[in-house]
Each structure stands twice: as structure tokens, then as C-alpha cells.
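Please treat every number below as a calculation from the coordinates, not as lab data. Model, not experiment: these values are computed from the prediction. Cβ atoms come from the backbone with ideal geometry, glycine included; neighbour counts cover every protein chain shown.
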């Protein structure tokens, strides 16, 4: 198995850049005016480059809301607070992002006074997610600095978004809530917190001093949940639960080479079949996607007959817009040859559809795609449970959809973070914005599953969601809520 060290961009910046306690002196990397100018440029780039910028918003509303958000940004108290007004959210695309440069990120975050608590956020409830602090683990947060939980979530919504109308993006970011919320309170010396102890309706109040960057990052590493950190540190991890006769396969990415993926999948299912297990749980809650062909490969170990593996790509634009700002993965400006090669690649693989105005992937783009996919010879015939959530994105959503559409298993958890019918994927172009040196990442194509022609803006909806009271009970017991619930469902089914 391959070990994968995976931490978020904010955590990387925290780990590498902080050498002193948070300071009161102002951030010097760039000004609010610089940030506003670059965000306006970014929204212009998205209009020209994004494969479908007006899928979930019309052009007039887009322009009006961009202006409104940038005006609010101008009235923000400092650069950190500007994050809540990022207009990138208007695109409603989980794959579109903007990130500070390493240098600016280090300085920016080093000047924050951090919320000194780790939390879990679940369906509007916020629980303390660390032991040994002034507020007990599992206590319910009612408000912080006189802001209710719903107000706090609204305040960070600008940096928490998924495809279309999906609302589960908080799944991906609650471990970084302390950072996102602290960006709105960068200079506070104390945090006023109202909370309830488990089993109590009375509200208690406490005032806590801010945490330094070092303390905040250490605190994150001490959070109780998620408790499957070992499984999440590998691309693919195999567990076997003898008590319930269940194999548990955690797949954290489909951005894998086929030989490696096939080896891992086949060894797992060979062992499950050898043991005579009746149940399999496949955990893709933390899977950010990759190659949909690998999703189909995994599904071939569940299917008892050939299945349709159908998807294609389309885009509004096969050119690189604003080429003067385009860079490669290492920050080097794209050369004329780089741009020409990319344009030629797309030109050969996309044909203009005059009826829709889109460029659609042709046979050359789909070369090697196996549309009538056979089951694997080691396919599993027992009960299947797939764990999903807001971190289930792109090709991982496609896998969940294959399971659900073919009625091959039960989806347990929450709505996936990207669309069931379509998402963006495949090729990306990066732009370095000139004033802040921030990097805008834009997908160049849409990926449509099962030859879909429309997009409702919703993900795969689970067949079973953990009831909120039960979720809270599992969390307070330090247990993985979705996994524990799936094992309960298996236990109940076995008693029938």
C-alpha cells in the first residue's frame, strides 16, 4: 500500500511558515485594493475560461453580485476578513479555487489570533472536537462572539462551496473552521463562547484567550475526529471486520495508475471472498476524485454483469484566455509553445456542436474508454454499503452513482460534494494574479456522466443518512458516525 500524507493547504502554510506568536502589526503582502483588483480580474478570467460559467447563475446576476461582493470587501476591516466576500463562490464549482502564494500565506496567517478550539460541524450543530480544553469534548457550541452557529457558517460560506446547489461542502472544511472563522476575527484577544454540556439545556459562558499559530496547529493535530486518520493516510486501505463478516475498503483517490489500483482492489476482494464475508463497506468520503475509468474499475468488482460506463466532456472554450497570466504547476509563465500545444490538444479532441454552442469530446478524446465494462472475475456478490459526504467529489461521485443507478448497494452518509449528472474535470489552467500573486485554478472542461444533457446541480443523495441525534452520540463516543451506522445496519440486517 502506498502511504499518502494529506493535509490541507492551510495546514501546510501553518506548519511551514509560523515562527512567532500572532502579531498586531498589519499584513504587508498586499492591500485590500490589490485584492479587489485581482478578484475582479479573476472573475473576468472565469467568464472567458470556465467551461460553463453561467450554468447556475445568469450573466446579469453574475456581474451585479461580483460588484456587490467587491464593495463589501472594500468595507472589510482588514485583508483577512475579505475572505468572506470572495466572489469565486458565484460559479458554484467545487473544482474552481484561488489560493494565496506561499509567501503571502505565511505572513497573512502569522498575523491571526486564532480561535483556541477544534470543532465538528454537522447539520447546523457545532461540537467541541478536542479533549483537555476549558470546554469539555462533545459540548455543543451555541455562539462565539455573540454569533450563532448559523451566522458563523454563513460568514464563512464564501470559502465553502460545492457544485451547484449542494450544501455539504462544510464536510471538507470543518477541520479548518478554526482558521476560517479566525480570519474574520484576526485581531481579537479573546473569544466569548456560549455552550451546553452533553445532556444539559443550560447555557454556560466562558471567555478564552486566543491561540498562537503554533498552538492552533498543534490543537488541530489533537482533534478527536475524524478517527480514521490511518485509513485516510493511504490512497487505498483494507480492513477486515471478522465480527460482522465485513470487508472495509477506504479509497481516498481515483487519481491512480490502473496497475496499482487493480492490484489493491483485487487483493481486497480476493480476501473478502476467501473469508466468505457477506458484506463490504467502501468509504469514499474523503475521495477528491481523479480518473473515472478507475471508478468503473472498482465498480467492476461489485457488478455481476456488464455495465454501461458512459461519460464525455464538453466546454465553451478550447483556447487559453488571458494567456499573459497563465502559469504551470511550478509558477513558470506558460510559453507560446505551451499554449499552442494545449490549444492543439483540445482542437483535435473537441468538435463544435452548433446546436448547443459547446465543444464536445469526440472519438479521439474517448479513445480507450471501455463503455461496456465487464465484471471482474473476483467480483463480490454480497451486500454493499458506500459511505459518502461532501468530500466525495468528481470521479468518486461517479462511483457512488454507478452503485446507486445499478441498484448494487446502499449509499450511507450525506450528499456528495459534486454533481451526480455533471461536474468539471480533466484539464486545468492556472493563473497568477499580478497584484497579490495569488493563483486561480480553473477547470477547462465539464464531465457529463451517463450521457446526461442537463444538470440539476445536486449530488448523489444517500439512501440512508445517520439520524442527527445518533450522529452526535457516535461523535461524543469518539466513534466514526457513518461507519458505525453502516455496521449497525449490517447487524440489523443479519438478525432478520
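Rg to Rh for the stretch 28-82: what is it, with Cα atoms only and Rh by Kirkwood?
My calculation of the ratio gives 1.03.
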Rg/Rh over Cα atoms for the chain, Kirkwood Rh, comes to 0.97
Of 453-463, 385-395, 67-77, 46-56, ordering from highest average Cβ density within 10 Å down gives 385-395, 46-56, 453-463, 67-77
For the chain, what is the calculated [θ] at 222 nm in deg cm²/dmol (nearest 500), taking -39500 (n - 2.57) for each run of four or more DSSP H residues and dividing by its residue count? -9500 deg cm²/dmol
Percent of Cα-Cα distances greater than 20 Å, calculated over the stretch 165-262: 64
Beyond 19 Å, how much of the Cα-Cα pair distribution for the stretch 244-336 remains, as a whole percent? 59
Assign one of three labels to the stretch 225-291, namely rounded, prolate or oblate, based on the Cα gyration tensor with a ≥ b ≥ c the square roots of its eigenvalues; rounded applies when a/c is under 1.5, prolate when it is not and a/b is larger than b/c, and oblate otherwise. oblate
Three-way shape call for the stretch 104-233 based on the alpha-carbon gyration tensor, with the a/c threshold at 1.5: rounded
For a Förster distance of 56 Å, can you work out the FRET efficiency between the beta-carbons of residue 367 and residue 189, rounded to the nearest 0.05? 0.40
Determine, for each peptide in 420-432, 285-297, the mean count of other beta carbons within 10 angstrom over its residues, then list the peptides with the highest first. 285-297, 420-432
For the stretch 14-221, the convex hull over Cα atoms projects on average to an area in nm² of 11.9
So if I take the centroid of the Cα atoms in the stretch 207-241 and the same for the stretch 252-309, what is the distance between those two points in Å? 26
Anisotropy class of the stretch 366-414 from Cα gyration tensor, a/c 1.5 cut: oblate
Here the percent of antiparallel bridges among DSSP beta bridges lying wholly in the stretch 367-496, to the nearest 5, is 65
What ranking, highest mean first, results for peptides 362-368, 473-479, 299-305 when packing means the other Cβ atoms within 10 Å averaged over each residue? 299-305, 473-479, 362-368
In the chain, what percentage of the DSSP-assigned beta bridges are antiparallel, given to the nearest 5? 75
